[in-house]
Amino acid sequence: RMLNRAGDQLPFAAALALTRTVEQVKLEERQEMRRVFRNPIPYTLNSLYIKPATKSRLEARCWVKNDAGKGTPATKYLLPEVYGGARNVKRFEALMRARGYMSANEYVVPAEGAQLDAFGNLNRGQLQKILSQLQASFDPLQRETATSRKRKARRRTRGGRYFIGGAPGRGQHLARGVWERLTTGFGSGVRPVLLFVRQPRYVPRFKFFEVAQRVVNDQLPYQAKLAVEYALRTAR
């Protein structure tokens, strides 16, 4: 009876119900991110967008953004968590490959000496220092030179010297990766910072579609009722 009374207002009510349902989907997906990921960064939590329904296009959409300006699009690292499969190449891995430090089938994982931020990601400062010392920095002006190395030596900077292990030379007996040479008052030693491994593969753990379907089943009938009532109240 309500649908019959709605008449010309029905497309408006349907679009409103679909859009409000998808808004609830987005809220629940953010909660799911907090549940399955350890301390997700705000960039990840804000990586979903909504495309509202209209009277002429009765479809509302919630999905992962594919644009990121200078950063990494969320689709690159979130969709493997949704569908499973192989991890994509990161920017610093591409640089390390381009400089010949890594082969095309090697990927990086943090090791004992890696500094992680509050969200579990590699510390940008340490990463830049590694890239600078290995002459693989994004910015050529940040690459370490022979002069800057001598200047640091004169300052007697201790520790923090990075090199590639598992390559011909002094570190060939070490596992493949980036190692740090430490010098302290008690002596010197090395520790792994980044290890080179085969391509990591993800098992699906972000149940995006399951969460969306559950919310739609729960919310759409309720939102449809509210939308028709609103359309009847506001009809001219």
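The values are calculated or read from the model by the stated rules, or taken from the named source; none is laboratory data. These numbers come from a predicted model, not from an experiment. Neighbour counts run over all protein chains shown; Cβ positions are idealised from the backbone, glycine included. Quick note on the areas: whole protein, heavy atoms, side chains included, nothing else; ligands and nucleic acids left out. Shrake-Rupley method; radii C 1.70, N 1.55, O 1.52, S 1.80 Å.
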With the 8 Å Cα cutoff and a minimum separation of six or more residues, the range 1-73 has a relative contact order in percent of 35
Leaving ligands, DNA and RNA out of it, rank R30, R38, R1 by accessible area with a 1.4 Å probe, largest first. R1, R38, R30
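Calculate, in nm to one decimal, what A86 and L174 gain on full extension: separation in residues at 0.36 nm each, minus their alpha carbon distance.
Details: separation 88, 0.36 × 88 = 31.68 nm, distance 2.64 nm.
Gain on stretching A86 to L174: 29.0 nm.
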Roll a 1.4 Å probe over the protein chains and send me the accessible area per residue for the chain in Å². 63
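When the accessible area of the range 52-107 is computed with all protein chains present and a 1.4 Å probe, what percentage of it is carbon and sulfur? Walk me through the numbers before you get to the answer.
Values: 1600 of 3220 Å².
Exposed carbon and sulfur together represent 50 percent of the surface.
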Dipole of the range 1-135 [Lys/Arg +1, Asp/Glu -1 at C-beta], most positive-end residue of A15, G125, Y83: A15
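Which whole-number percent gives the relative contact order of the range 166-226, counting Cα pairs below 8 Å spaced six or more residues apart? Please list the in-between numbers first.
Values: 38 pairs, mean separation 12.3, N = 61.
Relative contact order for the range 166-226 comes out at 20 percent.
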Which whole-Hz couplings ³J(HN,Hα) result when phi for each residue of the range 195-206 is put into the Karplus expression 6.51 cos²θ - 1.76 cosθ + 1.60, θ = phi - 60°, listed in order with x for Gly and Pro? 9, 8, 10, 6, 3, x, 10, 9, 8, x, 9, 8
Solvent accessible area, Å² - Y77, 1.4 Å probe, full protein context: 70
Given the -39500 (n - 2.57) contribution per DSSP H run of 4+ residues, what per-residue ellipticity at 222 nm results for the chain, rounded to the nearest 500 deg cm²/dmol? -13500 deg cm²/dmol
Answer label, with Cα extents along the principal axes in Å calculated from the coordinates and candidates (1) 48, 45, 32; (2) 85, 33, 32; (3) 56, 47, 35: (2)
Quick one: compute the contact order of the chain, relative version, from alpha carbon pairs under 8 angstrom and 6+ residues apart, as a percent. 29
At 1.4 Å probe size, with no ligands or nucleic acids counted, give the accessible surface of L226 in Å², nearest ten. 60
